[in-house]
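The values are calculated or read from the model by the stated rules, or taken from the named source; none is laboratory data. Note that this is a predicted model, so its numbers are computed, not measured. No Cβ is skipped: glycine too gets one built from the backbone with ideal geometry, and neighbour counts run over all protein chains shown. Side chains are part of the model used for accessible areas, which takes the heavy atoms of the whole protein and leaves out ligands, DNA and RNA. Shrake-Rupley method; radii C 1.70, N 1.55, O 1.52, S 1.80 Å.
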Amino acid sequence: MKKKVLLMGKSNAGKTSMRSIIFANYVARDTMRLGATIDVEHSHVKFLGNLVLNIWDCGGQDTFMENYLQSQRDHIFRNVEVLIYLFDIESREYVKDLQYYKSIVEALKEHSENAQIFCLIHKMDLVAEEQREIVFAQKEAELKKASQPFNIRCYKTSIWDETLYAAWSAIVNALIPNVNTLARHLEHFASVCDADEVVLFERATFLVIASATIKQQQDVHRFEKISNIIKQFKLSSSKLQGAQFASLEVRNNSFAAFMEAFTSNTYIMIVSSDVSIQSASIHMNVSVARQHFE
Ligand code: GTP
C-alpha cells in the first residue's frame, strides 16, 4: 500500500532536515551540511509491514516552485494523500510564501481533493519561548483561512526538540489504516497487564503509532519526549557496537516503565504505577501478545 506524501515549502525551510532526522537517522547538527534539494527527491520508506510512504521532497527554490505549479502540475499534485507544508518562522518572505501556499492549495483542490494538509510552523527554537504560543496561534488562524476548503492541522516544530516527533506521529497516524482497531487491542492488552499506559512505537523512526491510557497522566507531551530520547539513545548505542537494544527498564519509587522490541516493526512501552510489578511478568505478557499484534 503506497501513499504519496508531498513535503513542500520555500528553500531553506528545513524540509530535507526533517526528513533526514525522522527517516535517515541524522541528528540535528548533521543537517547543517545539507545542500539545497534540486527538483524533487523521492524516497520510499517502508513503514509497518505493507505500508510504504512515498515521500516527495520538493526543492523550494522559486524556479522549482513555479515548475511544480505549471509544467509539472498534474504530475506533482495527482494522487496525493498528505501535503506537509513548512513555513520557516524566520523567513522574511512570508507574504510570498503564503502566496505559494495558496497556489498549492488550489492545485491540490484540482488534483487531490481528498488529501490531508499539515502545516508546520518550523524553526520555532528561534522564537523566544514566551512568544511561541502567540506567534503560532496567529499563523495557525491565518493558514486555516488560506486553506479553504481543506480542514488543515498545524503544528509548531523544531529539529532541536521533541516537537518534530509530535507532528510526524500525527502525520503517520493519518496514513495508517485501522489505527483505531490497533488502539482498541492495545487498550485490552493494557488492562490485562494492569498497566497505566501502553504505547506502540514504530521500530525505525520511533514515531508513536498507537497508545492506550488507562490512568490519566499529567504531561501531555510525554510521548514525543520519549520518542526523541529513545531515538537518540538508539542512535548512540548503535554507533557504539552496531547494537540494537532489545529492552530497557526504568524504575523509581512512583512508577516502573518497560520498553521492549515487540513485533518486527514496533517497540512497545508499558508503564505501571505498581512499583512492585515483576519484570518477568511483563516480559511474559509481551511475549504472549507478540504473535497477536504481528
Ligand atoms: P531546499 O532543499 O532548498 O528546498 O531547502 P530545505 O527546506 O530542504 O532546507 P534544509 O533542510 O536543507 O535546511 C536548511 C537549513 O535550516 C539547515 O542549515 C538546517 O540545519 C536548518 N534547520 C532546519 N530545521 C531547523 C530548525 O528547526 N531550527 C533551526 N534553527 N534551523 C533549522
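Under a cut-off of 14 Å between alpha-carbon atoms, report the aspartates and glutamates in cross-link reach of residue 10, not counting same-chain residues fewer than 8 places apart.
Those aspartates and glutamates meeting the cut-off are 39, 57, 62, 66, 88, 90, 93, 97.
Each residue of the stretch 65-72 in order: what ³J(HN,Hα) in whole Hz does its phi give by Karplus 6.51 cos²θ - 1.76 cosθ + 1.60, θ = phi - 60°, with x for Gly and Pro?
4, 5, 4, 4, 7, 10, 5, 9
Probe of 1.4 angstrom, ligands and nucleic acids ignored: what's the accessible area per residue over the stretch 162-294, in square angstrom?
49 Å²
So if I take the centroid of the Cα atoms in the stretch 241-294 and the same for the stretch 83-158, what is the distance between those two points in Å?
Value for the Cα centre distance between the two parts: 38 Å.
Out of residues 5 or more away from residue 154 or on other chains, whose amide H comes under 5 Å of its own, with H placed 1.01 Å from N in the peptide plane?
When sequence neighbours closer than 5 places are left aside, the close amide H contacts are 119.
Compute the length gained on full extension between residue 131 and residue 280: take 0.36 nm times their separation in residues and subtract their Cα-Cα distance, giving the result in nm to one decimal.
48.9 nm
Just list whichever of 15/96; 15/231; 123/145; 123/231; 3/225; 102/231 have alpha carbons separated by over 24 Å in the model shown.
3/225; 102/231
What ranking do 92-98, 138-144, 121-127, 162-168 get when scored by the average of other Cβ atoms within 10 Å per residue, highest first?
Highest-to-lowest ranking by the protection proxy: 162-168, 121-127, 138-144, 92-98.
With the dipole of the chain worked out from charges on the C-beta (+1 for Lys and Arg, -1 for Asp and Glu) around the Cα centre, which of 214, 128, 155 lies farthest toward the positive end?
155
Tell me the net charge near residue 12. Cut-off is 14 Å between Cβ atoms, residue 12 excluded, with +1 for each Lys or Arg and -1 for each Asp or Glu.
0
Report, to the nearest whole %, how much of the accessible area of the chain belongs to carbon and sulfur atoms, 1.4 Å probe, protein only.
Percent of accessible area from carbon and sulfur atoms in the chain: 49.
With each label point set 7 Å from Cα along the Cα-Cβ vector, what nm distance links residue 24 and residue 216?
Taking the simple label geometry, residue 24 and residue 216 are separated by 4.4 nm.
Rounding to the nearest 20 debye, state how big the charge dipole of the stretch 118-254 is about its Cα centre with +1 on each Lys and Arg Cβ and -1 on each Asp and Glu Cβ.
Dipole about the Cα centre, nearest 20: 380 debye.
For the residue pair residue 34 and residue 232, what label-to-label distance in nm results when each label sits 7 Å from Cα along the Cα-to-beta-carbon direction?
1.9 nm
Once every DSSP H run of n ≥ 4 in the chain is given -39500 (n - 2.57) and the sum is divided by its residues, what mean residue ellipticity at 222 nm do you get, rounded to the nearest 500 deg cm²/dmol?
So the helix-based figure for the chain works out to -12500 deg cm²/dmol.
Mind listing the phi-derived Karplus ³J(HN,Hα) values for the stretch 257-271, rounded to whole Hz, using 6.51, -1.76 and 1.60 with θ = phi - 60°, and x for any glycine or proline?
For the stretch 257-271, the Karplus-derived couplings read 10, 10, 10, 8, 4, 10, 8, 5, 10, 9, 10, 10, 10, 10, 10 Hz, x marking Gly and Pro.
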